[in-house]
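Written below as structure tokens is the structure these notes are about.
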Amino acid sequence: MKNKEIARIFDELGDMLEFLGENPFRARAYKRASQIIYGLPEDIEKLYKSGKLSEIKGIGESIIQKVGEFIDKGKISAYEEYRSKIPEGLLELLSVPYIGPVTLRTLYKTLHITNFDELIKACEDKLIRNLPNFGPKKEENILKGLLRYKEQSFRFPIGLIYDDITKLLEDVKNIPGVIRAEIAGSFRRMKETIGDIDILASGRNTTEIIRDFTKLPTIKEIISEGETKCSVLLLTGMQADLRVVDDNSFGACLQYFTGSKNHNVKLRGIAKDMGFKINEYGIFKGDELIPCPDESIVYKTLGLPWIPPEMREDNGEIELAQKCNLPKLIEYNDIKGDVHVHSTYSDGGESIKAMAEAAIKKGYEYIVITDHSQSLKIAKGLEIERLIRQMEEIDKINRELAPFKIFKGSEVDIKHDGTLDYPDEILKQLDFVIASIHSGFKDDEKKMTKRILNAMENKYVTMIAHPTGRILNARDPYNVNIIEMCKMASKTNTFLEINAYFDRLDLNDINARIAKEYGVKFCIGTDSHNSIQLNMMIYGIGQARRAWLTKSDIINTKNLQEFTEEIKIKRKKF
Ligand SMILES: [Zn+2]
Ligand SMILES: [Zn+2]
């Protein structure tokens, strides 16, 4: 799908027009088109070719013509033309707080600033303050914005910091005088990556609480310290802000700082229509503060049920809440077993038995052992002979650990030609076959999609693992057509995985939500290579909740007996 590529071009076109001081209405039209195209679930190329693009509100004639140009020629001439008028890297500065197109134009015309480093130097040399309409305050703000931007451009995968932040929260709760504390922001919404941490605490003696907070061992450096708020740098390299509020405002503040921004903007609109005002201190009726110790009171006052934080992205959740139609999301303790577990037979670090015993400790009823198949030599993939030996060992351990059950599985490579790495006679003997891509990532969309569809057409393939192959901060998804994959998964009763490994989280929230619309069922697997990694399950559940999935959408929420039946359904239907 070319949707994202096209959306990015229109977004940049808008920026360029604004920067060049051209017609602001056209600039806004490009920006709007960019947002619409970014959110389209269908392939824009198909919509264009079927003439359906014109039915979408906000997509006018001139946009359609440019989309067509891109589809036919791979580029848009207007974009290329503007591009050639603006130095490379200059527009990136528009992402910096305090720098808008007009400011940027002045900086470029007067000081010939074209990139990040030149602008930092100009601030340090105090050149900005002397520009007309700028001054020292604006110079200071720009420098602050630049430094903040530099820090933020790296976002931490949530799984990398989750335990540290949970521990930090415990420490905050233990500070004398703290009544309640919670982590707000994108961490609470379980976003896949986190920029910085917002901590909220309630208590009276605010200055003492803040003083104790700054002395915690996980804090590397104090950035700023006030009466009710302070900012610190954690040992992990993240920034964390603590706010201490009155316990009667705790719910309202928690709601406010959890965001997302778009969710809160919409809520404020609803509040305004009802004659209320919401801000970080609470809900006001005129000048009167409505006490909100609990977050649910904020929603209740606006006539809404409480909305789970993972849903708060203004993706339709407020409208559903207004109709009292919110889905009942999967809960963090709903999982009954892990479906993607490696052992020392391939590249895992612990024995099958050790992994099973760790799963029992977590309260699971079953796991599926899924070591790599023979072609994946770097991961000690199992030749058929060793796979058969593994199956015998599993039978033996199952006799010892009953009623807990280890299912016999494999993570089988989908080879270049779309065939699987074991023959059917072998796959047939396994309870649960994962098919996945570990090579040929660069295949074009047609070929990659065909490889995955082929795998799903095999009656023994139970699930596709990490279906888009992306690695956070490291590798883009491969070129698979999500819609085609979802249709085939649904048609063949093949599950799609939500891989909970901290840097995969694949399917992600957006794709999982699309898949659900096509009737796909999911499993959440941790892809654990040691027993501690079984704990990564929560990140997968977080993604599932962000995708609005319920318990019944996810097969490994079922108990042992139901799960045993579910994984046979595909084979029976074929
Ligand atoms: Zn894999
Ligand atoms: Zn794996």
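The values are calculated or read from the model by the stated rules, or taken from the named source; none is laboratory data. Remember, it's a predicted structure, so these values are computed and weren't measured experimentally. Cβ: placed from backbone, ideal geometry, glycine included. Neighbour counts: every protein chain shown. Heavy atoms of the whole protein, side chains included, go into the accessibility calculation; ligands, DNA and RNA do not. Shrake-Rupley method; radii C 1.70, N 1.55, O 1.52, S 1.80 Å.
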*Where both residues lie in the stretch 156-245, what percent of DSSP beta bridges are antiparallel, nearest 5?*
75 percent
*First compute the accessible area of the chain with a 1.4 Å probe, then give the percent of it belonging to carbon and sulfur atoms.*
51 percent
*Among Pro87, Thr526, Thr218, which residue has its Cα positioned farthest towards the positive end of the charge dipole of the chain, with +1 placed on the Cβ of Lys and Arg, -1 on the Cβ of Asp and Glu, and the dipole taken about the Cα centre?*
Pro87
_Let me check the size of the chain from its C-alpha atoms; what are the radius of gyration and Dmax in Å?_
26.6, 82
_Considering only the chain, percent of DSSP beta bridges that pair antiparallel, nearest 5_ = 45 percent
*What's the FRET efficiency of Phe574 with Gln429 using the Cβ-Cβ distance as r and R₀ = 22 Å, to the nearest 0.05?*
0.85
*Please work out the C-alpha center-to-center distance from the stretch 197-274 to the stretch 6-52 and express it in whole Å.*
36 Å
*Loop-only check: which trypsin sites (Lys or Arg not before Pro) in the stretch 117-147 are DSSP coil with at most 11 other Cβ within 10 angstrom?*
Lys126
*Check the straight Cα-Cα distances from Lys46 and name the aspartates and glutamates below 16 Å, setting aside those fewer than 8 residues away within the same chain.*
Glu5, Glu55, Glu69, Asp72, Glu445, Glu484
*Cβ charges +1 (Lys, Arg) and -1 (Asp, Glu), total dipole of the chain, debye*: 1100 debye
*In the structure displayed, which of Lys57/Lys323; Lys361/Lys415; Lys191/Lys459; Lys428/Lys450 lie more than 31 Å apart, Cα to Cα?*
Lys361/Lys415; Lys191/Lys459
_Nearest-20 debye value, the stretch 337-573 charge dipole, Cβ charges on Lys, Arg, Asp, Glu_ = 580 debye
*How high is the FRET efficiency between Glu88 and Lys137 when r is their beta carbon distance and R₀ equals 25 Å, given to the nearest 0.05?*
0.25
*Return the aspartates and glutamates within reach of Lys405: Cα separation strictly under 12 angstrom, same-chain partners fewer than 8 residues apart disregarded; answer none if there are no such residues.*
Asp338, Glu357, Glu365, Asp395, Asp431
*Which value in deg cm²/dmol, rounded to the nearest 500, describes the helix-derived mean residue ellipticity at 222 nm for the chain, given -39,500 (n - 2.57) per DSSP H run of n ≥ 4 and division by the residue count?*
-13000 deg cm²/dmol
*Using DSSP to define loop residues, name the trypsin sites (Lys or Arg not before Pro) in the stretch 399-432 whose beta-carbon has at most 13 other beta-carbon atoms within 10 Å.*
Lys428
*Would you list which aspartates and glutamates come within 12 Å of Lys521, measuring only between C-alpha atoms, while excluding same-chain residues fewer than 8 positions from it?*
Glu497, Asp553, Glu566
*Compute the distance in nm between two label points, each set 7 Å from the Cα along the Cα-to-Cβ direction, one at Asn333 and one at Ile222.*
4.0 nm
*Specify the angular offset, from 0 to 90 degrees and rounded to the nearest 10, of the alpha carbon long axis of helix 3-19 from the longest principal axis of the alpha carbons in the chain.*
10 degrees
*Report the one residue of Tyr256, Gly286, Asn315 whose Cα lies farthest in the direction of the positive end of the charge dipole of the stretch 250-322 (charges on C-beta: Lys and Arg +1, Asp and Glu -1; origin at the Cα centre).*
Gly286
*Using 1/(1 + (r/R0)^6) with R0 = 25 angstrom and r between the beta carbons of Thr110 and Phe154, what's the FRET efficiency to the nearest 0.05?*
0.20
*Quick one: Karplus J couplings for the stretch 40-46, per residue in order, coefficients 6.51, -1.76, 1.60, θ = phi - 60°, nearest Hz, x for Gly and Pro?*
5, x, 8, 5, 5, 4, 5
_Accessible area (Å², per residue) of the stretch 1-131, counting only protein heavy atoms and a probe of 1.4 Å_ = 55 Å²
_Karplus 3J(HN,Hα) series, Hz, for the stretch 133-141 with 6.51 cos²θ - 1.76 cosθ + 1.60 (x for Gly, Pro)_ = 6, 9, x, x, 5, 5, 4, 4, 4
*asked:* Give me log10 I(q)/I(0) at q = 0.17, 0.21, 0.23 Å⁻¹ for the stretch 156-245, Debye formula, one equal scatterer per alpha-carbon, no solvent.
replied: -0.63, -0.97, -1.15
*When the Cα centres of the stretch 473-503 and the stretch 71-141 are compared, how far apart do they sit, in Å?*
39 Å
*State the number of lysine pairs found in the stretch 95-179 whose Cα atoms come within less than 21 Å, restricting to pairs 8 or more positions apart or on distinct chains.*
14
*asked:* Among 47-58, 446-457, how do they line up by average Cβ neighbours within 10 Å per residue, starting with the highest?
replied: 446-457, 47-58
*Send over a whole-number figure in Å² for the accessible area per residue of the stretch 473-528, probe 1.4 Å.*
35 Å²
_Between Ser54 and Asp72, what is 0.36 nm times their sequence separation minus the Cα-Cα distance? Round to one decimal in nm._
4.7 nm
*Starting from the amide H of Ser410, placed 1.01 Å from N in the peptide plane, find each other amide H under 5 Å away whose residue is 5 or more places distant or on another chain.*
Phe432, Ile434
*Relative contact order (%) - criterion: Cα under 8 Å, at least six apart; region: the stretch 250-322*: 36 percent
*Within the stretch 146-253, report the GluC sites (Glu not before Pro) that DSSP leaves as loop and that have at most 11 other Cβ atoms within 10 Å.*
Glu227
